[in-house]
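K.L.:
My structure is below; once you've seen it, I'll send some questions.
The values are calculated or read from the model by the stated rules, or taken from the named source; none is laboratory data. Keep in mind it's a predicted model, so treat the numbers as computed, not measured. Please note: Cβ atoms are built from the backbone with ideal geometry, for glycine as well, and neighbour counts cover all protein chains shown.
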């Protein structure tokens, strides 16, 4: 198996470090030529996963067809194809797009899109859209291949957070046109104003997802106020969305629809 060392991964929460410690503790009894796969690999990479699988404590261990899958308490053995293996903190892990494909049978299409967006995100992407397409093409008989193919059409590069992806999908699933990702807003003098999470450019609507950090951290809160003022001075409306709004996306979409109608004739 080809092996490539990668570094500079995001820092994760405590549970992630606990996972890495458990994986490291398994190394002395691991079979030769193995790699962490499936849910374990996805968690090592930090992919967004639903709680129903993301909190599972067993380790997924993949081996090639020439090796017997391990049978051990706390371990789920899998047969996997020979492929690229990456070393993360001394741990052998299947490639990110392989882990994504391995979960296709357990995730919904929208969950696969969120995870795929994460892999091709704006900062420090772990994969590419081309690599995801190639992996799906080679996995036509794989469980979940239909969902994976459907998800490919919704994955967008350049996103900044899983919640941004979830917001975009809620808007599209609500029947509205897909907003732009990464659009740079400038004022009438051409000076930079900001890059909203999502944007309806013709209507000059900047859609911003605001997590708890925007409310709790004083510097972020101050920056948000300044940012909103600059957008509005440039003739843009800021449409703010929180986690609570996404619990009832139909109400959020209704508000956004009204705003789009109000600003439909801007020039």
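K.L.:
Report whether or not residue 198 is under 30 Å from residue 41 (Cα atoms), touching a helix residue (DSSP H, G or I) at 6+ places or on another chain (Cβ under 8 Å) and in contact (Cβ under 8 Å) with a residue 24 or more places away in the chain.
P.N.:
yes
K.L.:
Looking at 187, 160, which one is exposed (fewer than 15 other Cβ atoms within 10 Å of the Cβ) and either modelled with pLDDT under 95 or outside the structural domain of residue 99 (by TED's automatic domain parsing) (or both)?
P.N.:
187
K.L.:
Output the residues belonging to segment 164-174 that are assigned to a helix (DSSP H, G or I) and under 13 Å from residue 110 (Cβ atoms).
P.N.:
Scanning segment 164-174 gives 165, 166, 167, 168, 169, 170, 171, 172, 173.
K.L.:
Of these, 259, 246, 251, which one is closer than 15 Å to residue 176 by Cβ, at pLDDT below 95 and part of a helix (DSSP H, G or I)?
P.N.:
246
K.L.:
To continue, here is another question. Provide a single number: the residues in segment 23-54 that are farther than 24 Å from residue 127 by Cα and touching a helix residue (DSSP H, G or I) at 6+ places or on another chain (Cβ under 9 Å).
P.N.:
The number of residues fulfilling the criteria is 0.
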